[in-house]
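The values are calculated or read from the model by the stated rules, or taken from the named source; none is laboratory data. This one's a predicted model, so the numbers in the text were calculated from it and none came from an experiment. Quick reminder, even Gly has a Cβ in these numbers, built from the backbone with ideal geometry, and neighbours come from all protein chains shown. Heads up: the accessible areas ignore ligands, DNA and RNA and are worked out on the full protein's heavy atoms, side chains in. Shrake-Rupley method; radii C 1.70, N 1.55, O 1.52, S 1.80 Å.
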Amino acid sequence: MLKKKIIFVLIVLALICAIVLVGIKKNGNIKDNINVTTSFYPMYIASINLLDGIGEIEVNNLTQKSTGCVHDYTLTPDEMIKLSTADVFIINGNGMEAFLDKVMKNYPDINIVDTSTGVKYIEDEHEINPHTFVSIDRYIQQVENLKSGLVTLLPEYEDKITSNASEYVNKLEELKKYAHEKLDRFSGEKLVALHESFEYFASDYGINVMAVIEEEEGISASANEIKNIIYYAKKNGVSAIVVDKDSNLKTANVISEETNIPCVTFDTTIYGDFDKNSYVDAMYKNIDNICSVLEEKEYGV
């Protein structure tokens, strides 16, 4: 009888130990899911394409859906807390994430994938234009860099990541082919843009951005700046004024009315819905919009 009691006590102790160990595993440092966090929207879209179908990996975007460009953005306390749970942090690079030094100071052990490595950038007045993802060619390079970084950090998922990357790059290559078919004939055309990111898109097809009107939120271009752009546009035969899809159109409309130069809407892809095809869909629309306005000029419509 005593022997049976001893065996019973040992079984109970073993069960208690098992429960405690499970509790430690669930509540300690061992995580069920891998947290991949992206700096802003374009990086999130690339990441959900490459990590699609891997249930153990959770992809989160650091900034809000409507944040847009993070070039001069300051992280909120909540966003810094969100980073504390990240296993991998994916960035655009080339100075886009002005808050990166703060992140590295607070989380020195965080694994960072910089998608800009080896990607040729545009530099204006000794300042890097970081919006490389607006060039389809460069975005493909960034996706390839992202694949390499993810495979290095998450080798157990190499096959799936590589397969997903191949599928996404194929879509982007089709997009690139379509863009060249539609826009190569407009090489040499001159445009004015209301956002520096358009320079990357234009560079792929030999389109010249003659001037960029950078307007801060709530601060419009001065009357003198507008006057100079109007004079410059008339003198140099500018074909269109490129405006962001959500820009304040006041400045663009003034220039358009004074010069009889049409405005064309362009999605800079810095925010949108979180569908994995959103970048590709936005770029197809951009290509058609640019082509349409330049064709009108070409045929005198």
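At a glance:
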{"item": "Residue that is surrounded by the most Cβ atoms within 10 Å (Cβ to Cβ), among those in segment 174-195 that are under 16 Å from residue 239 (Cα atoms) and free of Cβ contacts under 8 Å to residues at least 24 places away in the same chain", "result": "185"}
{"item": "Within segment 119-155, considering residues that are without any contact (Cβ under 8 Å) to a residue 40 or more places away in the chain and of a type in the set (S, T, N, Q), the one nearest to residue 211 (Cα to Cα)", "result": "141"}
{"item": "Failed condition for residue 203, given (1) open to solvent by less than 10 Å² (accessible area, probe 1.4 Å); (2) touching a residue at least 40 places away in the same chain (Cβ under 8 Å); (3) under 20 Å from the mean Cα position of the chain (by Cα); (4) more than 30 Å from residue 54 (Cα to Cα)", "result": "(1)"}
{"item": "Top-ranked residue of segment 78-125 - restricted to ones that are of a type in the set (D, E, K, R) and part of a loop (DSSP other than H, G, I, E, B), ranked as most open to solvent (accessible area, probe 1.4 Å)", "result": "125"}
{"item": "Residue list for segment 232-277, restricted to those being open to solvent by 20 Å² or more (accessible area, probe 1.4 Å) and in a helix (DSSP H, G or I)", "result": "232, 234, 235, 236, 250, 253, 254, 256, 257, 258, 259"}
{"item": "Residue, modelled with the highest pLDDT, within segment 230-245, restricted to residues that are within 12 Å of residue 211 (Cβ to Cβ) and of a type in the set (Ser, Thr, Tyr)", "result": "231"}
{"item": "Top-ranked residue of segment 290-301 - restricted to ones that are part of a helix (DSSP H, G or I) and open to solvent by 50 Å² or more (accessible area, probe 1.4 Å), ranked as farthest from residue 92 (Cα to Cα)", "result": "299"}
